[in-house]
Structures are given as C-alpha cells and as structure tokens.
C-alpha cells in the first residue's frame, strides 16, 4: 500500500499539521500559545514540563448503551451540586499537586457530560483558571449525546466556555442505533450536528462506528458518505470492540447476534480511510481524521506522551506531582464509583485511588505505543526529549525485525523518525509487540545503566491511607 | 508390570483389617499392629496412614509353620473377568468367608489398592492372598492370585496364571460374555487350567444367568450346569465357589523332595527392604539363609525373609513346594526380579520354567512437564513410579517446542493411561502426554546401513530415524488380533469402523441370538489413539474390545512433514500409513490453523510426503489489528495487554519467520481428549 504518492501526501500533511497548529494559534489566537511553539517545535510537552491537558469525567448516563463498558452510572437521584463541588475541589487539589503553570486543553468526557449543567462546566473551568493559566482560547471540548444536546443547551455550553463539540452519532441507520442501544435516531443526530456546526464552526467532531454485527461494507460506506456531506472538519471512525459485560457481548455469545466479521471490519476501515482521504481529511491518528487542521489538540497530547490530569470518578492521569516535590511521572487513577469518589474528595480533597510511578523504560514504552498511533509517528527530536541518551537509531536501527517490517512496507525509520506506513497503521498492535521487545532489549543493553531511587511516599500531601502504592 | 507403591497413600498397609486366623495359630502379630488402622479410617482421604511393615517385628519368634500344608491340601487359583464383572468384589467375599479379613461394610475391592484401580474398576497390579478354609474336616490353603485384568498386562496375567492350576471365570449375569472374558478364557485354556465359570450379579433386575450360561456353553464348551450362579455383592452362593475350588481344581504338581524351583510372578520395591518378590514354589523348600540364584541374571542372593501374603506379609519359617508367598533376598532393583524368572538354590541348578520374556513396550509417547521448572519434580516422580514398574521404558528426550522430557514405552494404552493417572494422582504431577505411537520396523537393503546398525531389521521409535524408502526392502508395523463382542444391531457400524482402521476380519460368530463376536487383525497404530472411544460411542457403550499381540506385517509407511511457509517443523514429523497420510495430514493442518495466530503475512500450513503436498490450510495475514480507542483512560490497560503479549511472544517458537505458540504444538502433539 505504500504508494510513493500517498507517502508524499502524508508527509506533506504531517508537516502542515505541525505548522498549522501554531499558525492556527496565531490567526485564531486559540489553543497552543506562542511560548509553547517556541520551546517545543514538536508541540508536545516534555515529561516534566509545566503544562498539561486536563480531563474531566462526568460519570452519568441516561441509559446504558449496549456496547459500552465504560465507567458510567445511571443515577436515580443525582445531586449535581455535590458533584460540581467535588469536581471543582479535585481539579483544584490536583492542579496544585501537579504544579503546572498552564492547562492547554480541557476535555469533558464521560458518561454523558452533555447531561451536566452548563453551570457545572463553567465552575470547573473557573476553578482551573483560578489555579493555573488557562488561555482564553484553549481547546475545551465537550462530548455530546444527540438527545441531550438541544440547540439551547449547546449555546449555553458555549457561554460556559466550551469551544469544541464531539458528537456521538455512531450510526446513521436507525436499526443499528437500536442495536447499539442509543437513545436517538439518525435524524436527531443530524439535527444536533447541524446545530453544533452553527455554534461551533470548524470545531465540531462526529463519531461513527463500524464493524457492527451483521453490518455490510457498502451500506456503511453509504452512511459515511452521507455523514461527509453534513459534517464539519473532524471525524472519528471507531471499530466496535465487543467488551465483556456488555449487552452486545452477551448477545453475540448467546448467538442471538452474529459475531462481527473481522475481515469485513478491515475492509470498512480500509475503504473508510480512502474515502476520508479523498474528501481532504488527514488521518492524524488510527481512528481520527481532520481537515483544515482541526485536530483535537487535547487528544494529540495523549499520543505525544504529554502530561494530563484526570479529574472525576475513574479518571486517569499522567503527571509529575511537582507541587509536592515529585520528579517521576505517575500513572494515577481516581476512585471509580461516584459516591465513594465524592466521599474521598470531600475528606481528602481528591479521590486518587492508585498511584504508580512510571519507570523510565515504562514511560518510553508509552511514548512508543502512543506516538506510533499518529501519522507523524515519533520524530527523533520528540524521542530525545524523553530519552536523550538512547536515540531511535540506537534502539531500532540495527534490529532485524525492524528491517523486516520496513521491507514489508509497514514501518519507516528515516531521518524524520519512526512511524507506520499507511498499511502498517492498520496492524500497529502486531508491529508494537516487536518494537516493544526491541526497546526492552536495547534498554537492558544500554550503557551505562542508570538507576534512580524513587520515594513515592513524599508525593502525597495527606491522606496516605487511601493511597495504594503499586510499584511493580 | 505396574507395581505396588512404596510408602504413600493407597498403600497396602493402609487398609489392613483385623485378620482372624485365630483357629489356626492363635494371635497373629499383624493383627495387633494393624488394628489402629481400621478400614473406616481409610475412607477419610485426610487420614493418610503410614503403612506398617512386617520387618518391624522380625524379632518376634512366632512364625508360621507352613509344613502343615502338604501339596494335596493346597489349591492355587486366579480370578479372571471382564472389567466390572465383579472380580474384586468376589475376592472381598472370599477373604471375608475365610476369615482373612473381618466382614464389614467397608471391604470394597480390598485387593485393589491403587486409587486408579478403584476408580477404573480394574486391577493393575497382581495381588495375592493366602486363604485358610476348613472343608470336610481338613484345613486347606487356598492361594488366590488376583491377576491384572487387562491385555496390556497379558504377560503378567500369563505368568500369574502359570502359578495356578485353575481359575474362576467371572461373567456378569446381565452383560454376558465380553471381549476380555474371551481373551482371558483363552489365556487360561492355553495354560491348561481348570476353569470354573461363575455367573455373578444374579441379584440384578436384568440378570439373565440362563442366557449367559448358554453363551458360556457355546463359546467355551463348558456345560452350563457347571456354572456357579452367585451374587458377590450379597454373598449369595459364594461358599459354593470355595468348595468348587477345592473339588474342581487339582492340587499343584510339586514335590518338596526336589531341589527348589520357584517362579517369580510379581515383584515390588520397598525403599527399606529392597525388592519383594512374589513367588510360587514348583518344587523344593526355601527358607531364610538359603543362597538362591536368578536363572535370568545368574546372580546369587541370600534369602533374608520368606512369608505368605494374607494378603499382608506374614513371616513364615519356610515355604514349601506348591505354596505361594514372598521372598526378600537383597535384590536392589525390580529388574533383578523380573516377572517370569526362575529362582533355584545355589549349586543346585534346575531347568528354568518356560515362557520368560522381557517386557516389550508396544506404545510410545512423549512426556513433558507443562512447565519446564517442573522438570526435576516430574523426573523424580517418574523414577519412583518406574522403581516398581520395570516394564516402562524411559528414554530422555527433548523437543524444541516442549522442552526437556522423556519418551516412554508402555505395554499398551491402558498401561500408559494408568501410568499417567498415577503420576497425577499420587505425585500431583501434571504433564503433557503426546499422541502415542507404535514401534515400526524397517528391513534394510542398504549394505552401508546394515553395517551401521549392525542388523538388517531395525526398530524405529523416533520418526527422525525413519530410513528412506530407497534404503529398505520393506517397512513393518505391529499388528494385534482384536476381539469385539457386541449386540448384533451395531455389527454394521463396527465393521465400517474396523474397515476404516485398515483392519482385516478374521472371524465372526454369534455367541447367542443377538450377540456377535468379531475378530479382526488390526494395525496397532490404528487403535492406539481413539479406537476404543469410537467403538464405545457408536455402540452406545455396549461393545467391548480386547486385543492380543499378533506380530508384525508389511506396511506401506511414509514419513510426513509439516511445513510452515515451506519450513519443516521438526517436532511434527510423523510416520503414517500411506492410505492415512491425507486425513492425518489434514487434521494436523487444521489444528495448527486454529492455534497459530494471524501474523503480518499469510501462512501456508502444509503436510508433505517428500516433495508432494498432500494437505494445506492457510492462516490469512492480519489486515487490521489496532486498538480503536486509545485515550487517557485506555493507556494503562493497553500497555498491560501489550506487555503481556510481548512476554508471550518471547516464548514462541520461530519456524522460519513464523511465530508459533507452544499451545499450537501441544494441541497437535497432545493425545486428543476422549470424545
């Protein structure tokens, strides 16, 4: 699949993508600030940087979708005031702990965050702004469900500070929407899309799923075409993953629904990527497509190994607790269950349930696994920010397996860095196994090994009893 | 020969009941020692009893005087039966009736001591019990030699029977004659033993002793009136059995005045006392202090201890011609007391008893620890088990896929299963057992090879040794004569099955109106894997099967390679009959297809004979394998999964550039589970 023309296009797009991020911030004055692009041409914060993305988890839904195993709850009686207070409290605590000087993006995910009141959203944003620098035009995304996002609400969210909307359309076929357990129809979804585009022009994203039980390639491509005629500048295509514990999983197990065919899904993915490319979209990540440089800068931070703070029940974070004198990045998970989380936040100021300091190798493994999901992959410069003493060439340059992957047209290692080909991106998880083993190998054989003693205990301000130290 | 265990669960000492032979000798030392270990306690698996050994009280002076039992008061007999026809239950009743063991509710298969024996309802290990029975004013010594009931142990059966003058042929009144009944009958018949037919389980609702009597008359030419109809379970007519033993079985032809001639018909190993040989005295007398010689090894030993088994070891002063008992003489290894060997007094050599042969394994299988770290534990377990079973052939072996292990040779399939089950049950070892194979032979034509092997006819155990067709005159495969007894409604299906297994029909007779006995000559390799299961399932469990060794026959054998994208997989080379190459090759390819994960390129799985491809399966290349959503909350889980997969990848075996998980090899090589 590695057609020369295609590669050339990707490269151009990739290069443009980086330039345009800063260009957009100049023209629109939004998102990534000047200082950022000055110090970091790769547009990603180095491990110990003083900036981060912030994720807020709204754990409630109206109804459980049949495919979703996410951390979400169907509340009987929701005390939004208490929830708001706790989100604000935890955001404040964690921001202080992180010691970050700026938040580049905020993402309200869930759950169904569009069910929260705009006032709650505003309160959290206010808390962030009070504790650190939140540029006025920083990307602030809200995940929205078509049924809970009437025009008036979308407008109210805008007033509250939201400037990007991601709509979970999932399908334009009402039968499929029922199969998925969605509460909206295709026409409702399109209506919401239209409203959102009016309010958030150039900053509206849509999700479309593929690989559903019984779904055929052609009709699905029809849906994609229809969506393309209506959508804005950002599309996410997600292959259905049958998760244990979901209704859909049980139905397939029982045989009441056919098992999704992987060959069909692979075909949809291939065709879908083609269609989007022809429509001028850049596939900047495995499942994400943007045109007019409308990439999600929040998600881009994840894939570039940037710091992020997770606020809310079950939210995950990756940051250095510099406010507490820490120097190692930690993987953090907040308490899952909303009521327990709220109790912990009200007692300790946060609901961090688990903190795992990431070793140097572990961080590099994440940088590798995440970075390769993007079209630009991992540039040499980007890699060196995380590991100045062991270059990508040193790690992968001599590997027989890497050479094999290159000759198969799946992977590229060149003066720009390490990245998947168009074909390779579709089988990244297979490629990653080899690369991870190669990285571990190179890490063990690097010279001279450095050992750092970590004292994670020093990182907790209070409430040590609720922390679980997991140092494996 | 499978052997009794050394100290451990299920050992003989564990069940010992109060022996009440008081009328003869008054108090027996064994009784007191054994009393705390009542059979009741043995039922509780948590209560493991350290077996008490007779050597603990060798200082006791009270030793039985066996001279009181002249030949004419002795009867040596065995019990032969098809599985589950009640042999062991009958033995329990005989032991109770003669007061050898106390009559309780707990005497269940007293002579079957291994867990595997009780579970499977089979006797693996010959056991012996000397019974004392008062009949018409005379005390008789009745030696019950409980033989293994399966053809795998037919050599042991034949040796045990050679110590007998008669047998009880037990047939289930409901099931009638079964394949094993026939095989056992002929063994006894050929040994010219008196045969007493016993129709058991007459208490069952569907019992039809008349019909079974007629079957016996027709098949074995024994008048149906001679059958004793009993219920061993309830004890009905069991006394008549004892009387028939005395009246219908001749005393042994033996003479105390002749020099010692003793047959070793069983042996066990005790870690403190060495080899305990079970012997039948054909002539002469043996006592402590005698110097004896093994006719097979010509080694000389001094007898430390003699005694009888009742069924526990009871010291005696001497053993006399016609009697059966045990002997300990400083033998260090069971191979020094091989079954069938003859013992005689030093400097008084005798003509050895006929029929001795070394154990000949007929079924081979690889055995590997599931985890290589278990290698040493498994090694020691195998060593302990084979200490008592010299018929298991052990060769160290190693496989690229399965690691270090062994190639074991067994007498037959049941022997293999029993060995495996004992490893699991008694030593808690879990193993990978590979598909069993049989020993093929090749008659060499190449002078160079003949010189190399120093013989013209070679036995091939490992497919890697298979000589090329251009260098051999012919290949040979082992064959067995199989007996199948079935209700006639299944005859058609069974004949089809046999035909598919390359079997040649030799005989077919109706044993009554609706039961048929079929005789087929089977290539052994056709029945070693799943024949018995197929037979049972297509006859709803009614057909029975047994076989006996029938030598070798010419066979069109070929070596089949399995290729992955053209690279041969060393551990999957198989020797197959040409006719079967296609279905076997196809089955292996299919199993591999199911277990080799998709990779970045297409994988051709092929079975090949020489350069000719006979079967092919394809594993398609991965077209898509990437997690759809990988955001902040997904990273931890994804990294964990990736690392686990990377660890698994490390353990994969590379064939060419294809990664094959160990599971794939296990799935192909492992003995397929019973259907």
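The values are calculated or read from the model by the stated rules, or taken from the named source; none is laboratory data. These numbers come from a predicted model, not from an experiment. Here the Cβ is made from the backbone with ideal geometry for all residues, glycine too, and neighbour counts use every protein chain on show.
Every condition in (1) at the interface with chain B (Cβ under 10 Å from one of its Cβ atoms); (2) modelled with pLDDT of 95 or more is met by residue A:395 except one, and the failing one is (1). Looking across the range B:649-663, just one residue is in contact (Cβ under 8 Å) with a residue 12 or more places away in the chain and within 9 Å of another protein chain (Cβ to nearest Cβ), and that is B:657. Could we say that residue A:276 is more than 14 Å from chain B (Cβ to nearest Cβ) and farther than 29 Å from residue B:621 by Cβ here? Criteria not met by residue A:276.
Only one of the numbered conditions (1) over 25 Å from residue B:74 (Cβ atoms); (2) surrounded by fewer than 21 Cβ atoms within 10 Å (Cβ to Cβ) is not met by residue B:190, and that is (1).
Comparison of B:233, B:205 shows that the only residue that is in contact with a helix residue (DSSP H, G or I) (Cβ under 7 Å, 6 or more places away or on another chain) and in a loop (DSSP other than H, G, I, E, B) is B:233. Within the range A:398-410, the set of residues being at the interface with chain B (Cβ under 10 Å from one of its Cβ atoms), in contact with a strand residue (DSSP E or B) (Cβ under 8 Å, 6 or more places away or on another chain) and free of Cβ contacts under 8 Å to residues at least 24 places away in the same chain comprises just one member, A:410. Consider the range A:307-331 and keep the residues that are facing chain B (nearest Cβ under 10 Å) and either without any contact (Cβ under 8 Å) to a residue 24 or more places away in the chain or assigned to a loop (DSSP other than H, G, I, E, B) (or both). The one that is nearest to residue A:141 (Cα to Cα) is A:315.
Scanning the range A:342-357 for residues that are touching a helix residue (DSSP H, G or I) at 6+ places or on another chain (Cβ under 7 Å) and part of a helix (DSSP H, G or I), which turns out surrounded by the most Cβ atoms within 10 Å (Cβ to Cβ)? Per the stated criteria, the residue is A:345. Out of curiosity, is residue B:619 within 14 Å of chain A (Cβ to nearest Cβ) and in contact with a strand residue (DSSP E or B) (Cβ under 6 Å, 6 or more places away or on another chain)? Against the criterion (within 14 Å of chain A (Cβ to nearest Cβ) and in contact with a strand residue (DSSP E or B) (Cβ under 6 Å, 6 or more places away or on another chain)), residue B:619 qualifies. I'm trying to understand the selection: among the residues of the range A:367-376, which are farther than 17 Å from residue B:635 by Cβ and either touching a strand residue (DSSP E or B) at 6+ places or on another chain (Cβ under 6 Å) or at the interface with chain B (Cβ under 10 Å from one of its Cβ atoms) (or both)? Scanning the range A:367-376 gives a single hit, A:375. Among the residues making up the range A:385-403, those that are surrounded by 15 or more Cβ atoms within 10 Å (Cβ to Cβ) and more than 22 Å from the chain's Cα centre (by Cα) are A:387, A:390, A:392, A:395, A:396, A:399, A:401, A:402. Of the residues A:364, A:418, the single one that is modelled with pLDDT of 95 or more and either within 14 Å of chain B (Cβ to nearest Cβ) or assigned to a loop (DSSP other than H, G, I, E, B) (or both) is A:364. Set side by side, the residues B:433, B:414, B:423 differ, and just one is in a strand (DSSP E or B), at negative phi and within 18 Å of the chain's Cα centre (by Cα), which is B:433. Residue count for the range B:340-379 satisfying the condition of being crowded, with 21+ Cβ neighbours inside 10 Å and over 26 Å from the mean Cα position of the chain (by Cα): 1.
Test residue A:318 against the stated conditions and say whether it is surrounded by fewer than 23 Cβ atoms within 10 Å (Cβ to Cβ) and not assigned by TED's automatic domain parsing to the domain that holds residue A:288. For residue A:318, the condition - surrounded by fewer than 23 Cβ atoms within 10 Å (Cβ to Cβ) and not assigned by TED's automatic domain parsing to the domain that holds residue A:288 - is not met.
The conditions of being buried (at least 17 other Cβ atoms within 10 Å of the Cβ) and at the interface with chain B (Cβ under 8 Å from one of its Cβ atoms) are met by residue A:428. For residue A:208, are the conditions met, namely being within 24 Å of residue B:624 (Cα to Cα), modelled with pLDDT of 95 or more, within 14 Å of another protein chain (Cβ to nearest Cβ) and part of a loop (DSSP other than H, G, I, E, B)? It is false that residue A:208 is within 24 Å of residue B:624 (Cα to Cα), modelled with pLDDT of 95 or more, within 14 Å of another protein chain (Cβ to nearest Cβ) and part of a loop (DSSP other than H, G, I, E, B).
Residues in the range B:632-642 include none that are more than 10 Å from chain A (Cβ to nearest Cβ) and within 36 Å of the chain's Cα centre (by Cα).
Taking into account only those residues within the range B:440-467 that are assigned to a loop (DSSP other than H, G, I, E, B) and touching a helix residue (DSSP H, G or I) at 6+ places or on another chain (Cβ under 9 Å), which is surrounded by the most Cβ atoms within 10 Å (Cβ to Cβ)?
Filtering the range B:440-467 for residues assigned to a loop (DSSP other than H, G, I, E, B) gives B:445-446, B:454-456, B:461-462, B:466-467.
When the remaining residues are screened for being touching a helix residue (DSSP H, G or I) at 6+ places or on another chain (Cβ under 9 Å), the result is B:445-446, B:456, B:467.
Working: B:445: 15, B:446: 15, B:456: 13, B:467: 18.
Ranking the candidates gives B:467 first.
In contact with a helix residue (DSSP H, G or I) (Cβ under 7 Å, 6 or more places away or on another chain) and either within 14 Å of chain B (Cβ to nearest Cβ) or outside any loop (DSSP other than H, G, I, E, B) (or both): does that describe residue A:227? Give the steps one after another, and end with the answer.
On the way: in contact with a helix residue (DSSP H, G or I) (Cβ under 7 Å, 6 or more places away or on another chain): no; either within 14 Å of chain B (Cβ to nearest Cβ) or outside any loop (DSSP other than H, G, I, E, B) (or both): yes.
Here the answer is no, as residue A:227 does not meet what is asked.
Counting only residues that are touching a helix residue (DSSP H, G or I) at 6+ places or on another chain (Cβ under 7 Å), farther than 18 Å from residue A:79 by Cβ and not in a strand (DSSP E or B), the range A:95-121 holds 6 of them.
Among the strands (runs of 3 or more DSSP E) lying completely within the range B:502-602, list those that include at least 2 residues that are surrounded by 19 or more Cβ atoms within 10 Å (Cβ to Cβ) and either in the same structural domain as residue B:404 (by the TED database) or touching a helix residue (DSSP H, G or I) at 6+ places or on another chain (Cβ under 6 Å) (or both). Write out each step before concluding.
Values: elements: B:504-512, B:515-523, B:544-555, B:557-564, B:574-577.
Result: B:515-523, B:544-555, B:557-564, B:574-577.
Considering the conditions (1) over 33 Å from the mean Cα position of the chain (by Cα); (2) within 20 Å of residue B:403 (Cα to Cα); (3) surrounded by fewer than 17 Cβ atoms within 10 Å (Cβ to Cβ), residue B:658 is excluded by exactly one of them, (3). Residues that are more than 12 Å from chain B (Cβ to nearest Cβ) and assigned to a helix (DSSP H, G or I) within the range A:254-270 comprise just one, A:254.
Against the definition (assigned by TED's automatic domain parsing to the domain that holds residue A:211 and part of a loop (DSSP other than H, G, I, E, B)), how does residue A:273 come out, yes or no?
Working: assigned by TED's automatic domain parsing to the domain that holds residue A:211: yes; part of a loop (DSSP other than H, G, I, E, B): no.
For residue A:273, the condition - assigned by TED's automatic domain parsing to the domain that holds residue A:211 and part of a loop (DSSP other than H, G, I, E, B) - is not met.
Listed here are the residues, each with its yes/no results for (1) within 26 Å of residue B:625 (Cα to Cα); (2) buried (at least 17 other Cβ atoms within 10 Å of the Cβ); (3) outside the structural domain of residue A:426 (by TED's automatic domain parsing).
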{"residue": "A:163", "(1), (2), (3)": "no, yes, yes"}
{"residue": "A:167", "(1), (2), (3)": "yes, yes, yes"}
{"residue": "A:230", "(1), (2), (3)": "no, no, yes"}
{"residue": "A:238", "(1), (2), (3)": "yes, yes, yes"}
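Can you confirm whether the range A:288-296 contains a residue that is out of contact with any strand residue (DSSP E or B) (no Cβ under 6 Å at 6 or more places or on another chain), within 14 Å of another protein chain (Cβ to nearest Cβ) and either at pLDDT 95 or above or surrounded by 16 or more Cβ atoms within 10 Å (Cβ to Cβ) (or both)? Scanning the range A:288-296 turns up at least one residue that is out of contact with any strand residue (DSSP E or B) (no Cβ under 6 Å at 6 or more places or on another chain), within 14 Å of another protein chain (Cβ to nearest Cβ) and either at pLDDT 95 or above or surrounded by 16 or more Cβ atoms within 10 Å (Cβ to Cβ) (or both).
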